[in-house]
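In what follows, a structure is listed as structure tokens, so that the remarks can point back to it.
The values are calculated or read from the model by the stated rules, or taken from the named source; none is laboratory data. Values in this document were obtained by computation on a predicted structure and should not be read as measured data. Cβ atoms come from the backbone with ideal geometry, glycine included; neighbour counts cover every protein chain shown. Just so you know, the surface numbers come from the protein's heavy atoms only, side chains and all, with ligands and any DNA or RNA stripped out. Shrake-Rupley method; radii C 1.70, N 1.55, O 1.52, S 1.80 Å.
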Amino acid sequence: MMAEHQRIHPVHDVEAPHRPLVPGNSTKSDRVFPKRSFPVMHSKPPKRRRSCCCRFLCWTLSILLILIIAIGITVGIMYLVFRPKLPKYSVDQLRITQFNVSDNNTLSATFNVAITATNPNKKIGIYYEGGSHIRALYMGTQLCEGSLPKFYQGHRNTTVLDLSLSGEAQDASSLTSRIQEQLQQTNNIPLDLMVNQPVRVKLGKLKLFKVKFRVKCKLVVDNLGASNDISISSSSCKFRLRL
């Protein structure tokens, strides 16, 4: 009898199913060097608004600097071409035709003043416009007032202005007492003339915008009574330009 053939059947070990470390759909490189996950870093949005503001500020400052330089160059050229000089003023004569105290304790005063205006410029003319105001004051108290006429003063011109000032002052008795006391103590009386004059300056053929001349003249006179002539012992005038 033939020996029986022994059959050996493979034994399968029942264990948990084997899962590959690398997914099947991964590439060869992924299998060799598996990918790692990294945390996502969110970058901040660009600061466009701040950069626009800085750019606008830089442009504005640059334009202002260019304008300042251009104005400086223009003024420098005009100064070299026209060589401007300040006008000069002096009070040459003063006459008081009225200086009376009325019954209601009011002082009525009338002054006639001769003022010399000199324009020393070669290429600059001065238009004296309307709306001027001149007043005479004693120790801050206004005695009388008037105005200058409209006229044009040409190059290197000297003009004598005969002006009439009139007005009234209150509390005349106290005012005249102070004047007499001043006269006895110092033998003279201080007097101020204040002038506000709108003008237009002419550079060559160009007539500029309107500005104001302010002139303050300090006088020392021998009397403030109603007489034909008043002696002026000293006179000085200061000029100031106001835009």
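Before moving on, here are some points about what is shown:
- Long-range amide H partners of Ser227 with built H, under 5 Å: Ile96
- For the range 106-233, accessible area per residue (1.4 Å probe, heavy atoms of protein chains only), Å²: 49 Å²
- Relative to the current alpha-carbon distance between Leu183 and Ser164, full extension at 0.36 nm per residue lengthens the span by 4.4 nm.
- Given Lys85/Lys218; Lys150/Lys212; Lys150/Lys210; Lys123/Lys210; Lys123/Lys238; Lys123/Lys216, the pairs whose alpha carbons are separated by over 20 Å: Lys85/Lys218; Lys123/Lys238; Lys123/Lys216
- What separates the Cα centres of the range 108-147 and the range 175-243 is a distance of 7 Å.
- To put it simply, the accessible area of the range 121-224 at a 1.4 Å probe is 47 percent carbon and sulfur.
- With a simple spin-label model that places each label point 7 Å from the Cα along the Cα-to-Cβ direction, the separation between Cys52 and Lys123 comes to 4.9 nm.
- Amide N of the range 206-243 lying under 17 Å from the label point, which is placed 7 angstrom from the Cα of Asp92 along Cα→Cβ: 229-237
- A simple spin-label model places pseudo-atoms 7 Å from Cα toward Cβ; at Leu80 and Ser173 they are separated by 6.9 nm.
- FRET efficiency, 1/(1 + (r/R0)^6) with R0 22 Å, evaluated for Ser227 and Thr116 via beta carbons: 0.50
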